[in-house]
1. Do we have GLU81 as part of a helix (DSSP H, G or I), modelled with pLDDT under 80 and either among the aromatic types (Phe, Trp, Tyr) or open to solvent by 50 Å² or more (accessible area, probe 1.4 Å) (or both) here?
2. With the condition kept exactly as written, say whether any residue in region 89-99 is at pLDDT below 80 and open to solvent by less than 100 Å² (accessible area, probe 1.4 Å).
3. Just to be sure before I move on: is ARG73 outside any helix (DSSP H, G or I) and at pLDDT below 85 in the structure I sent?
4. Among the residues of region 1-27, write down those that are over 21 Å from GLU103 (Cα atoms), open to solvent by less than 70 Å² (accessible area, probe 1.4 Å) and either modelled with pLDDT under 90 or not in a loop (DSSP other than H, G, I, E, B) (or both).
Amino acid sequence: MLTYIHEHYMEEIRLREIAEAAAVSVGECCRCFQNMVRTTPNQYLTEYRIEKTSIHDGEGLRTIVFFKGCPLRCKWCSTPESQRMELEKGYGKDMTVEEVVKEICKDEIFFFHIRRRGDDQWR
């Protein structure tokens, strides 16, 4: 059920659809959410949407991809953990380029302008 919400949070989701994704009744869906997540499916969906679109570091939404194994050792590096090849405990996962693009596209509705580092033009 959570996977369904995470994959479809930008769409209009009905309680029936969440239940169907787990092959349970609407009542069982609500009981599972209360027992496991301690909230209702609709409340969870609302909070997840807020979390995905909240402002943590200034105006606007940030979708950031960090790569591991940077060979440079810049003293001013803002993400020195990117220099190690090992995943940080509790963070990140190995992904293919296609998986990264798919993940980024989940936030596509929020992209108004895309600016690549070094570009002087907004796209």
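The values are calculated or read from the model by the stated rules, or taken from the named source; none is laboratory data. Since the model is a prediction, treat every value here as computed from it, not as a measurement. To get the accessible areas, we keep the full protein, side chains included, count just its heavy atoms, and leave off ligands, DNA and RNA. Shrake-Rupley method; radii C 1.70, N 1.55, O 1.52, S 1.80 Å.
1. In short, yes.
2. Looking for residues that are at pLDDT below 80 and open to solvent by less than 100 Å² (accessible area, probe 1.4 Å), one finds at least one in region 89-99, hence yes.
3. Spelling it out, ARG73 is indeed outside any helix (DSSP H, G or I) and at pLDDT below 85.
4. LEU15, GLU17, ALA19, VAL26, GLY27
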